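FYI, it's all coordinate maths here, none of it is from the lab. Source: prediction; values computed, not measured. Neighbour counts are summed over all protein chains in view; Cβ atoms, including those assigned to glycine, are modelled from backbone coordinates with ideal geometry.
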Amino acid sequence: MDERLPPLTALRAFDAAARHMSFQRAAAELNVTPAALSFQIKSLEEHFGAPLFNRLNRAVELTEAGQVLAPGTSEGFAALTAAWRAARRSVEANVLTVTAGPAFTAKWLAPRMYAFAQDHPDIELRFTAGLRMMDLTKDEVDVAIRFGYGPDDGLFSQPLEPEWLTPVMLPEFARRYSTPEDLLKAPLIHNSSDDFLSPPCDWPAWFRAVGIDNAPRISSSFSQPDHALDAALSGAGVVLGRRAFVVKYLADGRLVAPFKIALGTAAKFRFLCRLGQEDRPEIAAFREWILAEMAKTASCATDMTIVPTDGLA
């Protein structure tokens, strides 16, 4: 049997057909005709010296030899793709691709990007806003900012500032609802994206933290934290705001947090990148900048009592 490797195009045709179990769908993926794909696989079988597919009436199936070959070709093309993408990134050393959730991108990153650009004019930032947990190699992403508990297996993970939630509102609302009991009468805004937090960090938990067991009435609910925060900024009500999203508005006085009681959570924003890439100059500069920006707002919690939610359920 010939030990030389067959042409790459023939192996790619085999890999696509083995994944789809269809010559027609494999041909569509590779943008060739079914006849051309069938020819490539036939030439591969001649090179190999035995069939790799059983041709059935309206389908194909792998022979025993095909089943042995398929995992290796799949892994081989995945490795080639990863190496190609890594090589492309190496010649774009000044480009940093960052993915973060839509709310963090809009409420935290975007307002601060001018400062980063001034300090690092040689780094071009590219943002991808989304909540999908991306593969940092396959998706050509350098850095991910994610909120939650992890785990972050196989990645460099740097926790950012601890998160807490407290009622925030317009200054005129604070004058109208001056006590936690008064707040029961206020239009309360719920952010359902925090419903995954365990123990819960919601309005019932906050009222229990201040000694009130009455069930609060929710006026409106939003699936995204930035939408809930925008509603509070427009005067639609009071939101249980998360630290990362509200500190800017507390600092400029557009919102106030009058009660100084916050719910603590073990969930955190984490700075993620591939292991071994954390000291790459562009990634290290971006990480140090985020940590420094976070530290600037740490003082907003100095007079805040952070209540663990473990005993509030």
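Annotations for the structure displayed:
- Between the labelled values (i) 15.7; (ii) 18.7; (iii) 22.1, the entry that holds mean projected area of the Cα convex hull in nm² as derived from this structure is (iii).
- Distance histogram for region 8-90 (every C-alpha pair counted, 5 angstrom bins, percent rounded to whole numbers): 3, 16, 25, 25, 16, 8, 5, 2, 1, 0
- DSSP beta bridges in region 1-138 [antiparallel fraction, %, rounded to 5]: 35 percent
- Rounded to whole Hz, the Karplus (6.51, -1.76, 1.60) HN-Hα couplings of region 180-185, x for glycine and proline: x, 5, 4, 5, 4, 8
- For region 94-111, 3J(HN,Hα) per residue [Karplus equation, 6.51 cos²θ - 1.76 cosθ + 1.60, θ = phi - 60°, Hz, x = Gly/Pro]: 8, 9, 10, 9, 10, 10, 8, x, x, 5, 5, 4, 6, 9, 10, 6, 4, x
- Near the amide H of MET169, within less than 5 Å, lie the amide hydrogens of VAL256, all on another chain or at least 5 residues away, with H placed in the peptide plane.
- Other-chain or far-sequence residues with amide H under 5 Å of LEU188's (modelled H): SER219, SER220, VAL238
- Rounded to whole Å, sorted largest first: equivalent-ellipsoid semi-axes of region 149-288, Cα gyration tensor: 32, 17, 12
- Span-like helix ranges in the chain, DSSP H, alpha carbon extent 24 angstrom or more, Kyte mean at least -1.0: 64-90
- Cβ crowding within 10 Å, taken as a proxy for footprinting-reagent exposure, orders TRP84, TRP164, TRP289 from fewest neighbours to most as TRP84, TRP289, TRP164.
- Between amide H atoms placed 1.01 Å from N, distances below 5 Å from THR128 occur with VAL98, THR99, ALA100, all of them 5 or more places distant or on a separate chain.
- Within the straight-line cut-off of under 18 Å between alpha carbons, the lysines reachable from LYS260 are LYS248, sequence neighbours fewer than 8 places apart in one chain being disregarded.
- Span from the region 242-313 Cα centroid across to the region 3-75 one, whole angstrom: 52 Å
- Rounded to 5, percent antiparallel among DSSP beta bridges of region 98-234: 0 percent
- Sequence-distant contacts, meaning Cα pairs under 8 Å at least 6 residues apart, place the relative contact order of region 8-90 at 26 percent.
- If the convex hull is drawn through the Cα atoms of region 87-236, its volume per residue in Å³: 138 Å³
- Kirkwood analysis of region 1-159, using all unique Cα-Cα pairs, places the hydrodynamic radius at 19.1 Å.
- Coupling constants for region 159-172 follow from the phi torsions by the Karplus curve (6.51 cos²θ - 1.76 cosθ + 1.60, θ = phi - 60°), and in residue order they are x, 9, 4, x, 9, 8, 10, 8, x, 10, 7, 5, x, 5 Hz; glycine and proline get x.
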